[in-house]
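Computed from the coordinates by the stated procedures, all read-outs in this text should not be read as laboratory data. Note that the structure is predicted; figures quoted are calculated from it, not measured. Cβ atoms come from the backbone with ideal geometry, glycine included; neighbour counts cover every protein chain shown.
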Amino acid sequence: MSVVLQVEGLCTSFKTRRGLLPAVHNVDLRIEAGETLALVGESGSGKSVTALSILRLISPDHAQIKARSLRIGDEELCSATPPMMRAVRGKKAGMIFQDPATSLNPVLSIGRQIVEALEVHAVARGKAAWDHAQALLERVRVPDAGRRLHDFPHQLSGGMNQRVMIALAIACSPRLLIADEPTTALDVTIQAQILRLIRELQDEIGMGVLLITHDLAVVARNADRVAVMYAGRKVEEGHVADVLRTPLHPYTAGLLAATPDERSNGRLAEIPGLVPGLAEMPPGCPFAPRCTRALDVCSGAMPTISGSSGRLAACFNPIAPC
Amino acid sequence: MTNSFFYRLACRPAALLGMLVLLAMALGAILAPWLYPGDPMSMVGGVLLRPGEDPTFPFGTDQMGRDLAAEVFHGARITLLVGIVSAFAATGFGVLVGAIAGFYGDMVDGVLMRLTELFQTIPGFLLAIVFIVILGSSIGVIVFSIAAISWPAIARMVRAEFLSLKSRDFVQSSRVIGMSDARIILTQMLPNCMAPIVVTSSITVATAILTEAGLSFLGLGDPNLVSWGSVIGVGRESLRTSAYLTLIPGLAILLTVLAINLLGEGLNDAMNTRLRVA
């Protein structure tokens with residue numbers, strides 16, 4: 001199987017008046033064709049920043065993005081120039097966002113927007129591009145696609161708009177699709193449809209999907225592997241079934257315990273405290289102040305992520321031996 | 001889409017009225033050489049004939065025996081031409097400066113906005129007079145100087161629009177598609193501020209007509225051409241005895257400016273995509 005995304009040692013630091021503040025620290029990711037990797041973590045854990053860094057969507061005026069290696073498909077993009085990145089975006093990697101209502105241009109018809117995407121990468125022009133746009137809308141199961149082409153985003157529902165966003169993202173048949181909380185702004189019944197659609201398109205095109213979410217139920221149903229992030233670091237990684245059944249890192253265990261399910265009734269477990277801010281990162285393991293299993297060593301040193309056969313965790317005192 | 005746009009525009013009585021008045025003015029300007037052949041500044045009849053006194057001169061004649069109707073029709077050509085061309089030039093330059101400043105921000109924005117403020121702090125009419133005094137009063141210079149005092153307002157408005165559009169999600173998603181900066185500005189962001197640009201530039205046409213009239217009234221207009229302002233300037237000398245010399249071209253200016261404003265209002269509503277019927 002070919003690798004569609006390979007990230008090694010990704011570090012993103014924001015430039016602030018107080019100096020460089022690391023938002024993503026030494027993250028490795030690898031996605032193969034046809035595979036879905038879920039990136040999980042609570043708000044502020046650096047999931048979205050990781051995704052934006054991969055496509056270099058954060059301006060160099062605001063952040064410094066470094067990596068030992070950053071490959072999309074077979075292209076090394078570690079030191080890519082802006083024109084090189086533009087050729088990759090949309091063509092090799094597509095991305096969809098949380099809120100489809102604001103991600104579409106309000107004054108252009110959806111057909112016009114898809115045609116723009118096709119023309120940017122010279123996939124098709126003029127009449128051919130419009131036909132292609134209609135075919136794309138049919139592919140993302142928008143009913144009556146021929147007429148919907150001339151509609152504006154405010155005339156469509158949230159679910160339909162998200163389908164249009166997906167059509168835009170897959171317009172050039174990318175190898176990688178980054179879905180940044182694609183269903184957060186949608187209601188539950190539409191969520192399932194959208195996720196199923198992504199799955200089906202993934203099988204058709206054979207693209208890898210990086211699914212960013214904080215919903216573990218979504219992870220369980222849609223992902224092959226999962227990477228858990230906390231305070232800008234990857235703290236655990238493995239196959240979905242392994243990670244959700246036998247978490248190694250106390251943070252993952254905490255997240256799982258805080259997920260509501262039908263068997264437990266009563267108070268939901270919570271992880272005490274908050275994610276530390278970028279400026280007040282503790283010296284050792286960033287989770288140590290909130291961790292029930294913390295040892296003395298945890299507040300002094302940062303554990304490196306280790307393990308075997310794709311089952312990794314960054315903890316001095318894991319719940320089960322790695 | 002074009003049909004529905006004009007349809008929506010025509011549905012507004014005020015806009016329709018404005019459009020009709022403007023069409024009538026334009027028609028009069030276009031037909032002037034056939035309705036009143038020859039030089040409108042040549043003396044053709046008796047001095048200071050009142051309107052209706054001689055059927056050949058429906059608007060009467062001025063102190064020099066020039067046909068006022070010929071002057072008004074020929075003047076419409078110059079007045080409308082100056083108004084439209086200078087508003088176009090001002091809009092083009094203003095949009096360019098405003099879009100670049102708003103999109104790139106920081107240093108670029110700082111430099112361009114200081115330049116804009118430099119123009120804005122000098123009273124516009126005085127600046128136009130300075131340009132004309134230095135460069136001479138030909139029609140080209142008048143158009144240039146009116147454009148030069150009109151662009152800062154458009155630049156500031158476009159910049160403000162771009163500053164708020166820049167942080168919208170759809171601009172980010174255009175980047176994700178792989179669009180270049182120029183393409184994002186032209187195909188994504190400009191269509192989003194077309195409504196205020198069209199409305200402001202239509203008002204700029206009206207202001208330009210008034211400025212041109214003011215300049216001609218002061219005798220700074222092109223001496224070889226008739227415009228409504230210059231006719232008023234000539235009529236001013238006998239304002240108390242023959243008020244029709246200033247009233248008729250003044251009424252023409254009033255009607256035109258009013259029509260443009262009505263049309264601008266109508267355009268503002270008609271260009272709002274949200275009001276489109278599904």
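Tabulated data
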quantity: Selected from A:285, B:170, A:84, residue furthest toward positive end of dipole (the protein assembly as shown; charges at beta carbon); calculated: A:285
quantity: Relative contact order (percent, whole number), chain A, Cα cutoff 8 Å, 6+ residue spacing; calculated: 20
quantity: Percent antiparallel among DSSP beta bridges (both partners in chain A, rounded to 5); calculated: 60
quantity: Hits among aspartates and glutamates - C-alpha to C-alpha of residue A:92 under 13 Å, sequence gap 8 or more where chains match; calculated: A:74, A:75, A:76
quantity: Fraction in percent of alpha-carbon pairs per bin - 10 Å, the range B:47-95; calculated: 26, 31, 19, 15, 8, 0
quantity: Inter-label distance for residue B:121 and residue A:157, nm, one decimal - labels placed 7 Å from Cα along Cα-to-Cβ; calculated: 5.8
quantity: Extension gain (nm, one decimal) between residue A:200 and residue A:241, 0.36 nm per residue minus Cα-Cα; calculated: 12.7 nm
quantity: For residues of A:161-173, the mean tally of beta carbons on other chains within 10 Å; calculated: 1
quantity: Sequence of A:278, B:165 once ranked by neighbouring C-beta atoms within 10 Å, starting from the fewest; calculated: A:278, B:165
quantity: Hits among lysines - C-alpha to C-alpha of residue A:234 under 24 Å, sequence gap 8 or more where chains match; calculated: A:15, A:47, A:66
quantity: Fluctuation leader among A:226, A:142, A:209 - chain A, Gaussian network, Cα springs under 10 angstrom; calculated: A:142
quantity: Percent RCO, i.e. relative contact order, over chain B, from Cα pairs under 8 Å lying at least 6 residues apart; calculated: 26
quantity: Residue of B:171, B:85, B:231 that the Gaussian network model of chain B assigns the largest fluctuation, springs spanning Cα pairs under 10 Å; calculated: B:171
quantity: The range B:105-122 and the range A:238-307: distance between their alpha carbon centers, rounded to Å; calculated: 52
quantity: Check: the range A:95-173 dipole with +1 on Lys, Arg Cβ and -1 on Asp, Glu Cβ, in debye; calculated: 140
quantity: Using alpha-carbon coordinates, inclination of helix A:126-139 to the longest axis of chain A, degrees; calculated: 50
quantity: Modelled label reach - residue B:181, point 7 Å along Cα→Cβ, the range A:53-76 residues with backbone N closer than 19 Å; calculated: A:56-65
quantity: Angle in degrees between helix A:188-205 and the longest Cα principal axis of chain A, rounded to the nearest 10; calculated: 80
quantity: Estimated FRET transfer efficiency (residue B:138, residue B:30; beta-carbon r; R0 25 Å; 0.05); calculated: 0.65
quantity: Kirkwood-based shape ratio for the protein assembly as shown, expressed as Rg/Rh from alpha carbons; calculated: 1.16
quantity: Exposure proxy order (Cβ contacts within 10 Å, fewest to most) of A:75, B:71; calculated: A:75, B:71
quantity: At R0 = 22 Å, FRET efficiency that the Cβ-Cβ distance of residue B:251 and residue B:47 yields, to 0.05; calculated: 0.45
quantity: Crossing angle, helix B:68-104 versus chain B [Cα axis fit, 0-90 degrees, rounded to tens]; calculated: 20
quantity: Within a Gaussian network of chain A (alpha carbon springs, distance under 10 Å), most fluctuating of A:91, A:234, A:127; calculated: A:127
quantity: DSSP-defined antiparallel bridges as percent of all bridges, the protein assembly as shown, nearest 5; calculated: 65
quantity: Per-selection metrics, the range A:95-173 (Cα): Rg and Dmax in Å; calculated: 11.1, 31
quantity: Packing-based exposure ordering (other Cβ within 10 Å, fewest first) of A:43, A:109; calculated: A:43, A:109
